[in-house]
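Remarks on the structure that follows.
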Amino acid sequence: MDTSKRYQAGTLATELVMLLIGLVFLVPFYFLFVNSVKTFGDLLTNAASLPASLEWGNYVRAFQTTNFPSAFFNSAIITIVSNLLLVLISSMAAYRMVRRNTRFNRVLFLLFVAAMVVPFQSIMIPLVKVTSTLGMMNSIPGLIICYLGFGVPMSVFLLHGFIKSIPAEIEEAATVDGSNAYGVFFRVVLPLMKPMLVTVFILNTLWIWNDYLLPSLILQSQELRTIPIATFAFFGQYTKQWDLALPALVMGIMPVIIFFLFMQKYIIEGITQGAVKG
């Protein structure tokens, strides 16, 4: 077998393996979507089979029971505002630490890295006490501030390494042309950080949109519920309403899927730019 045939055979084998892996990852989505349009009895009888009839009324009942528009609005506001603040604060902090490599900044960066390994469960009780003392309980702004505290360390860590790859000569040239420190950062440095900013935005979106534990600690009013909290209402101590929970889960993940489809070209662009930037 010549080299070209071996290469084609290897490529075909790789594609088949990747196809099988992709199918394995799609199996949970099959169970989720198929069972979301079944009756409760059919769902319990055979979860793997196709539905005998499509029960689209499950989505209507789940939509009404969870008050989905309100939950969606709360999740969207929390995710968008938290992400924008995380990107802005983390990028400015990481830029300052890299370009002003003082002992204080090095120690501060180490503290950010150390904060990443602290388990959330170990600080749940102090967090509730502090937020209650500061009057941030049961409020969306209070939850956003908590997300900033937990999200900045990882964002700073990722952006810190990327900023090191940006030549300082570009900033010096902008300074010579008359730009001040803020002009250099927002007009020169920030656009060059786009690949990593997109990565940080995606990671934080997945975390904040799907998070259940932190909103369940901070938010107590029904009108402030996010999508994960509203969906969890179908799982009681003695009953589990799978015929309503699964449609609610589908409606909850659809915005994230649409987000990924929209951001796909930016993800590919970020990977390409990050590889070339070396």
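Measure out, as a whole number of angstrom, how far apart the alpha-carbon centroids of region 167-234 and region 145-160 sit.
Going from one Cα centre to the other spans 9 Å.
Can you sort I253, I202 by solvent-accessible area, 1.4 Å probe, largest first?
I253, I202
Using alpha carbons only, what's the Rg to Rh ratio of region 62-194 with Rh from Kirkwood?
1.08
Tell me the per residue accessible area of the chain using a 1.4 Å probe; a whole number in Å² is fine.
Here the residues of the chain average 59 Å² of exposed surface.
Tell me, what does the Kirkwood hydrodynamic radius of region 17-58 come to in angstroms if you use every pair of distinct C-alpha atoms?
Taking the inverse mean of 1/r over all distinct Cα pairs, region 17-58 comes out at 11.1 Å.
Please give the contour-minus-distance gain from F73 to R61: 0.36 nm per residue of separation, less the Cα-Cα distance, rounded to one decimal in nm.
My answer for the length gained is 2.4 nm.
In the full protein assembly as shown, how much of D42 is accessible to a 1.4 Å probe, in Å² to the nearest 10?
60 Å²
In region 51-175, carbon and sulfur make up what percent of the accessible area (probe 1.4 Å)?
Result for region 51-175: 71 percent of the exposed heavy-atom area is carbon or sulfur.
Among all the aspartates and glutamates, which ones have a C-alpha under 16 Å from K194's C-alpha, if same-chain residues fewer than 8 places away are not counted?
E269
May I ask you to derive the relative contact order of the chain, considering only C-alpha pairs under 8 Å and at least 6 residues apart, and to give it as an integer percent?
It comes to 29 percent, rounded to a whole number.
Placing one identical point scatterer on every Cα of the chain and ignoring solvent, what is log10 I(q)/I(0) from the Debye formula at q = 0.14, 0.15 Å⁻¹?
-1.13, -1.20
Relative to the present Cα-Cα distance, how much length would full extension add between T14 and N210 at 0.36 nm per residue of separation?
Stretched fully, the T14-N210 segment lengthens by 67.3 nm.
The values are calculated or read from the model by the stated rules, or taken from the named source; none is laboratory data. All values derive from a computational prediction rather than experimental measurement. Note: areas computed on protein heavy atoms with side chains; ligands, DNA, RNA excluded. Shrake-Rupley method; radii C 1.70, N 1.55, O 1.52, S 1.80 Å.
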